[in-house]
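The next block holds one structure in the form of structure tokens; read it before the comments.
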Amino acid sequence: MSAPAPSDLAFVPFVSVENMMKLVHRIGIEDMLRGLASAIEEDFRRWELFDKTPRIASHSRDGVIELMPTSDGQVYGFKYVNGHPGNMKEGLQTVTAFGLLATVDTGYPVLLSEMTVLTALRTAATSAMVARHLAPRDARTMAIIGNGAQSEFQALAMKAICGITHLRLFDIDPRATEKTMRNLDGLGLSLSACSTPEEAIESADIITTCTADKQYANILTDNMVGAGVHINAIGGDCPGKTELHRDILSRSTVFIEYPPQTRIEGEIQQMPADFPVTELWQVITGTAPGRTSDSQITLFDGVGFAIEDFSALRFVRDHLQSTGLFQNLDMVADPDDPRDLFGMLQRARI
Ligand SMILES: NC(=O)c1ccc[n+]([C@@H]2O[C@H](COP(=O)([O-])OP(=O)(O)OC[C@H]3O[C@@H](n4cnc5c(N)ncnc54)[C@H](O)[C@@H]3O)[C@@H](O)[C@H]2O)c1
């Protein structure tokens, strides 16, 4: 007897790495970054209706594996993501991810997607969306300290969304900077490779730190940061892993995603539990001020929150039918008679 054919509900659209890359090129990377930033901003506007919890993290000596769930009441989503700073030396990615959406009414999955590429895109789109609210209005120059996997995405999002035209790059490994220079060549940004972090941040309106190290690092110290800049600090995203000297935090107005998560994982883990912060969704909805003066240092202490992944998955799902860039996976056992799961199994016996 042959196995019964799966029902329509058994099939879950799956976006592979190959199809995700095709999707980015079909839409165009800058348009996709703009689209993701809009989706994320829309969801920050309806922040209060989401289920929110700090991500569930399993720490080990070498890194962390995390689950990031949320729901807007109609759709549930989660991302699986790791962070292993030592992976690069082994020829592996520091961050890899995949994610899922399901309908809340039945609990059936409706999308499974690669999220390694999508995380880089959503992180960059979030940074640029936030910078559009907080950075100096005429910001044109950005420094990027840490020229690894995230760096080009950050550069292009800041170009597409905030109008950045000049990049100043620094990494402790010059090969990383060479790689970023090569990848961004011809994409409409003027590029300078710098030999120290001080040189990179000279004349920068926005400073992005995206380094990977499992320790309290001082990528920026207080004397390096001048008045009026916007700092986009995304590399410190785990307990015991930060990038900025605490004195910078004391001089800055700090903006964060979700306090219960960022107080554990962000730059502000170095500060007392009542250190004042502003929640970004309140700036976006106009209930809290963003930048209030030209001399103010604004700091996005970005750790990455589940709602950003939800928005990104929602964006991908909205492009499935028009692009056809997915495969159907036979993923949900869905017998015709819902009580007869065993019968379905028996009928599949060869
Ligand atoms: N906030 C978020 O939402 C989010 C999302 C994705 C990744 N991240 C984090 O961003 C960081 C970067 O991720 P990635 O995928 O680009 O990692 P990566 O390993 O590909 O690149 C990190 C780069 O930082 C460089 N570096 C390390 N220490 C440095 C220092 N002291 N000064 C200058 N450069 C230094 C390394 O040489 C490397 O080129 C990681 O810590 C990752 O966990 C955060």
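The figures follow:
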read-out	value
DSSP-assigned coil residues among trypsin sites (Lys or Arg not before Pro) in the range 1-77, each with at most 13 further Cβ atoms within 10 Å	Arg46, Arg61
Counting all C-alpha pairs of the range 135-304, share separated by more than 18 Å (%)	58 percent
Above-threshold pairs, the threshold being 22 Å between Cα atoms, out of Lys22/Lys52; Lys22/Lys214; Lys89/Lys241	Lys22/Lys52; Lys22/Lys214
Cα-based shape type of the range 127-222, given that a ≥ b ≥ c are square roots of the gyration tensor eigenvalues and the cut on a/c is 1.5	oblate
Using alpha-carbon coordinates, inclination of helix 29-45 to the longest axis of the chain, degrees	90 degrees
The range 135-304 - percent relative contact order, Cα under 8 Å, separation 6 or more	22 percent
Cα gyration tensor, the chain - rounded (a/c under 1.5), prolate or oblate	prolate
Karplus-derived 3J(HN,Hα), 6.51/-1.76/1.60, for each residue of the range 98-108, Hz, glycine and proline x	9, x, 9, 10, 9, 7, 6, 5, 10, x, 6
Residue-averaged [θ]222 nm for the chain, counting only DSSP H segments that reach four residues, each worth -39500 (n - 2.57)	-9500 deg cm²/dmol
Between helix 174-184 and the chain: long-axis angle, C-alpha atoms, 0 to 90°, nearest 10	70 degrees
Shape call, the range 18-172: gyration tensor on alpha carbons, a/c limit 1.5	oblate
Beta bridges per DSSP with both ends in the chain, % antiparallel, nearest 5	50 percent
For the range 285-290, 3J(HN,Hα) per residue [Karplus equation, 6.51 cos²θ - 1.76 cosθ + 1.60, θ = phi - 60°, Hz, x = Gly/Pro]	8, x, 8, 9, x, x
Among Val95, Val316, Val104: highest mean-square fluctuation, GNM of the chain, C-alpha pairs under 10 Å	Val104
Relative contact order [Cα under 8 Å, 6+ residues apart], the range 36-145, whole percent	19 percent
Candidates per GluC sites (Glu not before Pro) in the range 134-215, loop by DSSP, up to 15 other Cβ within 10 Å	Glu202
The chain: angle of helix 116-134 to the longest principal axis, Cα-based, in degrees nearest 10	40 degrees
Among beta bridges that DSSP assigns inside the range 135-304, antiparallel share in %, nearest 5	5 percent
Extension gain, Ser38 back to Lys52 (0.36 nm per residue minus Cα-Cα distance, nm)	3.0 nm
Charge dipole (the range 18-98, unit charges on Cβ, about Cα centre) - positive-most of Leu92, Gly28, Thr53	Leu92
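All of the numbers you see were taken from the coordinates with simple rules; none came from a lab. All values derive from a computational prediction rather than experimental measurement. Note that we place each Cβ from the backbone using ideal geometry, even for glycine, and neighbour counts take in every protein chain shown.
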